[in-house]
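Below is one structure, written out as structure tokens; comments come after it.
The values are calculated or read from the model by the stated rules, or taken from the named source; none is laboratory data. Everything numeric in this text was worked out from a predicted model, so none of it was measured. Every residue, glycine as well, gets a Cβ built from its backbone with ideal geometry; the counts of neighbours run over all protein chains shown.
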Amino acid sequence: MADVKLTGNANWSTFKAGVTNGDTVYMNGFTLTIDEAITAYNNCIFTNAAGGTVSASAGGSAVLGGNYNVTLAGVTCSTTNSTALFQINAARTATLTLGTCQAGAGYAVVIQTAGGNVLTFSGCTFIGGTANSVYGMYISTSNTITFTNCTARGGSGTSASGISTGSTGTYTGTLHLSQGASSQTTASAIYPQGGGVFTLSGDVVHQGAGWTAQIDSGTITYTATSDYLWKGAAAATIVCNGNISCGTNSGQSVAYDAVTGAGSITINGTVTGPSSNYGAASGLWANTGGKIYVQNLAVGAGGTMPSLTNVCLMSNSQIVAPISGSNITLVNSASAGDYPSAANVRSGTSYAYGALTGTCAVPGASSVASGVSVDATTGTAVLTSAAAQSAIGDYMEATAQTELAAIPGTSPSIVAMLKLLYQLAKHRLTQTDA
């Protein structure tokens, strides 16, 4: 293990002869241009920090000089100066495995100053610095970025995010977001400032300081579990496809919509209350006019629901609450699947808390024959002699008229006269029965 320092600008293809596993490579104020793929340098440290007798102002950078893949297995990249350690200042297509990129007090470890890059970062950890707005990686222009099993973590400096973007672009893949105990309150793991579309997944671990994601512009769709989200601009949109836990953060908000406007935070998952019972609220909070949409709510181990301010429950929401040592689920009436169908409920009957109305027509008992089951009783209707005679008479009258009219040559006047005689006979028969 040795300190290897540049003594002038150099290309990696020639400089590498003096580097072995475990060495610390200092830029020493010069530029190291990567002109071929870098692989298999285990446990090296690439840094532009001052070392030995080198002046504290020493800077320098490693520049990606072409479409070369860079693999630094087990490497820690660090910087304490005002120049980025690893620069991509022309459009490149490459896969970069840079190990741990730890920003210090100077500038971002990795910076992209050219647009049109198509880059894949694999197995990288980007950590914010110790000074104000010093990022683990800063992307200044529009690029297409894929993360493969990477991690971003805020640093100890104010607004020292793990990854920050200053322009549009497309960002996909697996990026774990982490907030260490030493992270500064405003140092988010990821901080999009210039728009862009982020479709990411990964684990999100928050340990009590700051927020996990701060977004000033663009759209983030994150498939993750998290216990702290932040939105900082009116038109920004955050969608979390996963569960969120309040954890043990007393008086802190899980999702905070900071600015009134068209933006929103949507949580397509369950928000669980705090694991400890605090006097201060812990849950969901939105500024006046802000919008936070939540799918499900659950009582935490501390026995309390997450606090809600300016929060909207989606139409398919459900609430899970502990009752006498077990859980009872309170669900939206329209989303429950165990109600009877409307066709099996009496017509006009409202049920499911007013969401459904029955359509089954049930006749009254007086309209059903005596002794026949209907509703919760039996029918009461009785067939009388008069009713039977009337029904039979009507049938015979209709039948006779139809058959007589069908005989060829029968005069309509004869049919009318026979009908009159039949009505008189029927009337007299009815009076006799009475």
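Things worth noting here:
- Elements of the type strands (runs of 3 or more DSSP E) sitting completely within the range 120-189 and holding at least 1 residues that are more than 22 Å from the chain's Cα centre (by Cα) and either among the small types (Gly, Ala, Ser) or buried (at least 19 other Cβ atoms within 10 Å of the Cβ) (or both): these cover 125-127, 137-139, 143-153.
- Any pair with Cβ under 6 angstrom, 6 or more apart, that starts in the range 175-199 at a residue that is closer than 17 Å to residue 216 by Cβ and aromatic (Phe, Trp, Tyr) and ends at one that is modelled with pLDDT of 90 or more and assigned to a strand (DSSP E or B): 191/164; 198/171
- Boolean, residue 9 is at pLDDT 80 or above and not acidic (Asp, Glu): yes
Here is a yes/no grid of residues against (1) in a strand (DSSP E or B); (2) surrounded by 12 or more Cβ atoms within 10 Å (Cβ to Cβ); (3) modelled with pLDDT under 75:
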| position | (1), (2), (3) |
| --- | --- |
| 293 | yes, yes, no |
| 302 | no, yes, yes |
| 315 | yes, no, yes |
| 318 | yes, yes, yes |
| 321 | yes, yes, yes |
| 337 | no, no, yes |
| 340 | no, yes, no |
| 343 | no, no, no |
| 348 | no, no, no |
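- Residue-level check: of (1) at pLDDT 80 or above; (2) over 25 Å from residue 131 (Cα atoms); (3) in contact with a Ser or Thr (Cβ under 9 Å, 6 or more places away or on another chain), residue 109 misses just (2).
- Selection within the range 76-119 - surrounded by 19 or more Cβ atoms within 10 Å (Cβ to Cβ), in a strand (DSSP E or B) and of a type outside the set (S, T, N, Q): 77, 86, 88, 96, 101, 103, 110, 111, 119
- Members of the range 243-272 that are more than 14 Å from the chain's Cα centre (by Cα) and modelled with pLDDT of 75 or more: 272
- Applying the condition of being assigned to a strand (DSSP E or B) and at pLDDT below 70 to the range 213-229 and asking which residue is surrounded by the fewest Cβ atoms within 10 Å (Cβ to Cβ) yields 226.
- Conditions (1) outside any loop (DSSP other than H, G, I, E, B); (2) crowded, with 24+ Cβ neighbours inside 10 Å; (3) modelled with pLDDT under 80; number of the one not met by residue 205: (2)
- Extreme residue, modelled with the lowest pLDDT, among residues of the range 42-63 that are touching an Asp or Glu at 6+ places or on another chain (Cβ under 8 Å) and farther than 13 Å from residue 79 by Cβ: 52
- Cβ-Cβ distances below 6 Å connect the following pairs, each with a first residue in the range 129-144 that is on the phi > 0 side of the Ramachandran plot, a second residue that is surrounded by 19 or more Cβ atoms within 10 Å (Cβ to Cβ), and a separation of six or more residues or different chains: 133/159.
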